[in-house]
Amino acid sequence: MEQIQLGRQDVMVAGGTDEVTHVVSASFQQVFAHAESETLPAEEMSRPFDAERLGLVCGEGAGIFVVEELEHARKRGANILAEILGYATNCSGWHVSKSDSGQIRRCMELALLDAGLSPSEIDVISTHGTATRNGDAAEAQAIAALFGSTTPANSLKGSLGHTLGASGTLEAAVFLESMKRSEILPTRNLTRIADECAGVDWVMGAPRPAPLRTFLKNSIALGGVNSTMIIGAFQEPH
């Protein structure tokens, strides 16, 4: 996005892909973030923001976008799916695996500032929501502090697992389909909201019909790195 805004590129291929390996799973076990259970079936082990969450479940996949300057897209007759409205990234840097609620909030604030939008103009939040004890609590508290309980939010990792380097673009692609269908998917396996994750309008149980024009996507990484992208339905400039 920034390369295009600076005029250095007209079109970029952007996204990520990841696969599940024993090394990846073992790495999360070493920082006590990997879900383990002798009773739950595999499809119920990823429980974002739930009181009984166990940790993340590794997934795999790919999410790739073509990010393009508007006139370049028009000239080649591209099907324009959406528009990037704003972006921000920051880093707390104080701990390798613990997220910082204040810095997550600040990252969302900076993305809103970049987009020229207020919190009330975001229709839905696509959280990072990996189902770890600390990470979910920090993100939920940041969302509650900035948006309150009026903006719907969900995590797709209950359905997809944590696809790591693919998760941001893969989940954004799912949300573009949600915009077309005017419905928000529920957070799978979220049945009882954890006290430390309360104060947010979590979508649970069944898809929620809603007109969607803008969504905010959080991605949070090890080392305290946060990123937030705001995407909106494309509108022809007047």
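We did not get these values from a lab; they are worked out from the coordinates using the rules stated. Since we're looking at a predicted model, the values are computed, not measured. Quick reminder, even Gly has a Cβ in these numbers, built from the backbone with ideal geometry, and neighbours come from all protein chains shown.
Side notes on the structure shown:
- Average projection, convex hull of the Cα set of the range 143-238: 7.5 square nanometres.
- Ratio Rg/Rh [Cα only; Rh per Kirkwood] for the range 2-232: 0.96
- Rg/Rh (Cα only; Kirkwood hydrodynamic radius) as it applies to the range 29-78: 1.36
- Peptides 12-20, 81-89 ranked from most to least packed give 81-89, 12-20, packing being the mean of other C-beta atoms within 10 angstrom over each peptide's residues.
- Residue list for the range 206-238, given a label point 7 angstrom along the Cα-to-Cβ vector of ARG181 and an amide N cut-off under 11 Å: 207-209
- The packing ranking of peptides 172-180, 213-221, highest mean first, is 213-221, 172-180, where packing means the average number of other beta carbon atoms within 10 angstrom of each residue.
- Long-range lysine pairs (8 or more apart or interchain), the chain, Cα under 22 Å: 5
- Simple spin-label estimate for THR17 and LEU70 in nanometres, 7 Å along Cα-Cβ: 3.3 nm
- Over the range 2-232, relative contact order from alpha-carbon pairs under 8 Å, at least 6 apart, %: 29 percent
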